[in-house]
There are 2 protein chains.
Amino acid sequence: MELLHLRYFIAVAEAEHFGRAAEQLHISQSPLSRQIAQLEEEIGAKLFVASGRGVKLSPAGRSFLEGARATLARATRAVEDALEAAQGRIGTVVVGFEGGMAYSGLLPRGVQMFRARHPRVEVRLVPLPGSPT
Amino acid sequence: MELLHLRYFIAVAEAEHFGRAAEQLHISQSPLSRQIAQLEEEIGAKLFVASGRGVKLSPAGRSFLEGARATLARATRAVEDALEAAQGRIGTVVVGFEGGMAYSGLLPRGVQMFRARHPRVEVRLVPLPGSPT
DNA sequence: CAACGTTACGGCTGACGTAACAATT
DNA sequence: AATTGTTACGTCAGCCGTAACGTTG
């Protein structure tokens with residue numbers, strides 16, 4: 001199973017119609033029908049049932065629609081997060097500090113400002129060895 | 001991007017070594033290297049950095065590893081849920097009841113037993129039209 | 001120079017499109 | 001009979017393997 005199958009499946013589920021789904025996907029009905037059949041075989045359950053003109057989701061199909069959407073959304077977010085991590089907008093920064101700094105007020109103030117500006121960056125403070133406290 | 005790329009990426013991330021990852025995937029290094037390069041190009045960020053013998057994850061790579069694992073896990077669960085839905089073990093069942101049944105004690109007791117046996121099935125109770133309460 | 005990752009080239013699986021077929025309204 | 005989904009068949013993109021090449025410890 002690949003994301004391709006999930007994209008095809010969602011299109012058919014939303015259109016309730018192979019022809020229109022294929023048109024929206026810019027492919028023809030034939031490969032769409034085959035990919036759905038292959039997906040159903042891999043899952044081990046029918047996802048659609050015939051319904052007059054077009055198709056409806058089976059119970060398994062309704063469940064799988066949720067999962068397919070969630071999977072695609074998670075994949076999209078994974079890419080976005082990776083890009084933001086590359087730009088340093090999310091991730092973790094480790095700040096080593098000498099013991100005295102803890103009391104100066106400068107460090108907490110700076111960290112506070114940084115966190116306000118970059119809420120998705122985790123700031124980890126580690127005391128340097130040989131320092132008090 | 002396809003799930004294939006995520007599986008390949010996770011293998012390399014865990015092995016920190018293209019050769020061993022390829023061996024584990026039962027392919028050779030060449031296609032593995034290309035798929036990772038293609039993935040990096042699609043994301044728009046380098047996922048690995050050279051590190052002596054082998055590679056390490058870049059910041060973007062660390063972020064993407066979480067997302068890739070979560071995406072694969074979500075896809076797996078989607079299939080499992082679809083199968084269970086096909087067997088009627090999860091999903092929704094709507095129970096229509098005539099007003100008097102609400103007071104007999106039979107209906108609540110039956111629903112309670114059913115829910116205990118099938119905790120992932122949502123039981124929706126709807127009063128039938130023309131009933132009291 | 002030894003080990004590792006990347007690029008080049010050829011083979012093959014599999015996804016696609018056109019067209020013929022089946023089935024349902 | 002018309003519309004919709006499925007199956008048949010040939011084409012082509014894309015993934016894979018072998019091998020040659022760069023690069024780094």
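Residues in the stretch A:55-64 carry Karplus couplings, in order, of 9, 10, 6, 7, x, 4, x, 4, 5, 5 Hz; the curve used is 6.51 cos²θ - 1.76 cosθ + 1.60 with θ = phi - 60°, and Gly or Pro positions show x. Taking Cβ atoms as reference points and 13 Å as the exclusive limit, the residues near A:V55 contribute a net charge of +2, counting Lys and Arg as +1 and Asp and Glu as -1. Among A:V49, B:M113, B:Y103, whose Cα sits farthest toward the positive end of the charge dipole of the protein assembly as shown (+1 at Cβ of Lys/Arg, -1 at Cβ of Asp/Glu, about the Cα centre)? Farthest towards the positive end: B:Y103. Counts of other chain beta carbons within 10 angstrom of each beta carbon in peptide B:97-110 average 0. Mean partner shielding of peptide A:85-93, defined as the number of other chain Cβ atoms within 10 Å of each residue Cβ, is 4. Computing FRET efficiency as 1/(1 + (r/R0)^6) for B:T76 and B:E16, where r is the C-beta to C-beta distance and R0 is 30 Å, gives about 0.80.
In sequence order, the stretch B:75-89 has phi-based couplings of 5, 4, 5, 4, 5, 4, 5, 4, 4, 5, 5, 5, 8, x, 7 Hz under the Karplus curve 6.51 cos²θ - 1.76 cosθ + 1.60, θ = phi - 60°, and Gly or Pro positions carry x. Close amide H partners of B:V95, meaning residues 5 or more places away or on another chain with modelled amide H under 5 Å apart, are B:R124, B:L125, B:V126.
Extending 7 Å from the Cα toward the beta-carbon at both B:K56 and B:S28 defines two label points whose distance is 3.1 nm. Apply the a/c threshold of 1.5 to the C-alpha gyration tensor of the protein assembly as shown and tell me whether it is rounded, prolate or oblate. Taking the square roots of the gyration eigenvalues as a ≥ b ≥ c, the protein assembly as shown is oblate. Taking the Cα centre of chain B as origin and assigning +1 to Lys and Arg Cβ atoms and -1 to Asp and Glu Cβ atoms, the resulting dipole is close to 360 debye.
Take the Cβ atoms of B:Q38 and B:S104, set R0 to 45 Å, and the FRET efficiency comes out at 0.10.
The Stokes-Einstein estimate for chain B, based on a Kirkwood radius over Cα pairs and taken at 37 °C with 0.692 mPa s viscosity, is a diffusion coefficient of 174 µm²/s. Result for chain A in a Gaussian network model with C-alpha springs under 10 Å: among A:G19, A:G99, A:G54, the largest mean-square fluctuation is at A:G99. The aspartates and glutamates whose alpha-carbon is closer than 16 Å to the alpha-carbon of B:K46, local same-chain residues fewer than 8 away aside, are A:E80, A:D81, A:E84, B:E16, B:E66.
Ordered by the count of other Cβ atoms within 10 Å of each Cβ, fewest first, A:S33, B:S51 give B:S51, A:S33. Applying the criteria of a DSSP loop state and at most 15 other Cβ atoms within 10 Å to the GluC sites (Glu not before Pro) of the stretch B:52-117 yields B:E98. Basic side chains Lys and Arg get +1 at the Cβ, acidic Asp and Glu get -1 at the Cβ, and with that the dipole of the protein assembly as shown about its Cα centre reaches some 540 debye. Note on A:54-65: average number of Cβ atoms from other chains within 10 Å of each residue's Cβ is 4. Take A:Q29, push a point 7 Å out from Cα through the beta-carbon direction, and compare it with the same point in every other copy: 5.0 nm, smallest first. Each residue of the stretch A:103-116 was assigned a 3J(HN,Hα) from its phi angle through the Karplus expression (A = 6.51, B = -1.76, C = 1.60, θ = phi - 60°), giving 9, 6, x, 5, 5, x, 5, x, 4, 4, 4, 4, 5, 5 Hz with x at Gly and Pro.
Neighbours of A:D81, meaning other residues whose beta-carbon lies under 12 angstrom from its beta-carbon, give a summed charge of +2 when Lys and Arg score +1 and Asp and Glu score -1. Label-to-label distance for B:R69 and B:V126 is 4.3 nm, based on points extended 7 Å past Cα in the beta-carbon direction.
Only the coordinates and a few stated rules stand behind these numbers; no lab work does. The structure displayed is predicted, hence computed values, not measured ones. Note: ideal-geometry Cβ built from the backbone for every residue, glycine included; neighbour counts use all protein chains shown.
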